Each structure stands twice: as C-alpha cells, then as structure tokens.
C-alpha cells in the first residue's frame, strides 16, 4: 500500500454567534459515506499554508482574505485517510478567522469540490458535541471552545 504524503491548510471560520462553518461531503469512491469538515485542503507546489488556506477558503466559501489576515496557525494535526481509492497522510495547519457573518458562495469550487461537497452549515460547540454525524477533526468542539466559540 502506497501512502501519499501531502500538506494542507484548513480554516476554523467562526461567526459572531461563536459558531463554526463546516462543509458536508464525501468520497466519490464511497458515495454512501458523508462527513462534515472545515474549509481547506491540499497545498499547491510553492504555496505556504496561509496562502493555501486563503485560496481554499475562497474556492469553497467565496470569502476572500489575504493570507496575512489568517495570522499564525492555531493548531497542527497529522491525519490519515483514504479518498478516491488512494491513501493519504496529511500534515495540516488550522487557522482561525472570525467574521461577523458570511453567506457561503460556492461558485469558486473546482469540479471535484462541486461533485463531493453537497452542503454547508454553521455549528455551535454544543451541536458538534451532541451530533452523531462524522465530523473532522474529531475534537473540533474543544478546539472551537478554546478559541471563544459557543
């Protein structure tokens, strides 16, 4: 089994009510499985984590920010998963960005994102803790609470 190593950057986008935005999607190789996750994804060659996080945030939500607006990462994680019949080990940085509110615009999604991301929702920490759905990262409620989320 070959594992593909990749770097990624993700954004914990938090609104004025202390909720975080999550996207709902899945794997084209396993369409019966769906999960919630933060905006973000793999870095392009030569891209810094902040640049990748800002690019992915725009593609997936329509929110355009400068990489410098994201500040320093608030959390680092290495995770392993399979996607489209390939196994990955992903080293990822998480950034925190606060907004008063945001209406998601998915017009910037690439073809893969359009195929696999089906909805979005703002979640409170209590809703995350009470949910039976698959949510990544698994300890996102604690992460949200540590950074002032409700």
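The values are calculated or read from the model by the stated rules, or taken from the named source; none is laboratory data. Predicted model, so just to flag it, every value in this text is computed and none were measured. Don't worry about glycine lacking a Cβ; one is built from the backbone with ideal geometry, like all the others, and counts go over all protein chains shown.
I'd like to know if segment 119-130 contains one or more residues that are more than 15 Å from residue 20 (Cβ to Cβ) and out of contact with any strand residue (DSSP E or B) (no Cβ under 8 Å at 6 or more places or on another chain). No, segment 119-130 contains no residue that is more than 15 Å from residue 20 (Cβ to Cβ) and out of contact with any strand residue (DSSP E or B) (no Cβ under 8 Å at 6 or more places or on another chain).
Restricting the search to strands (runs of 3 or more DSSP E) fully inside segment 39-115 and requiring at least 3 residues that are surrounded by 17 or more Cβ atoms within 10 Å (Cβ to Cβ) gives 86-98.
Return yes when residue 141 is part of a helix (DSSP H, G or I) and crowded, with 17+ Cβ neighbours inside 10 Å and no when it is not. For residue 141, the condition - part of a helix (DSSP H, G or I) and crowded, with 17+ Cβ neighbours inside 10 Å - is met. Out of the residues in segment 5-25 meeting the condition of being over 13 Å from the mean Cα position of the chain (by Cα) and either modelled with pLDDT under 95 or not in a loop (DSSP other than H, G, I, E, B) (or both), tell me which one is surrounded by the fewest Cβ atoms within 10 Å (Cβ to Cβ). In this case the residue turns out to be 5. Checked against (1) touching a residue at least 40 places away in the same chain (Cβ under 8 Å); (2) within 26 Å of residue 149 (Cβ to Cβ); (3) surrounded by fewer than 17 Cβ atoms within 10 Å (Cβ to Cβ), residue 33 passes all but condition (2).
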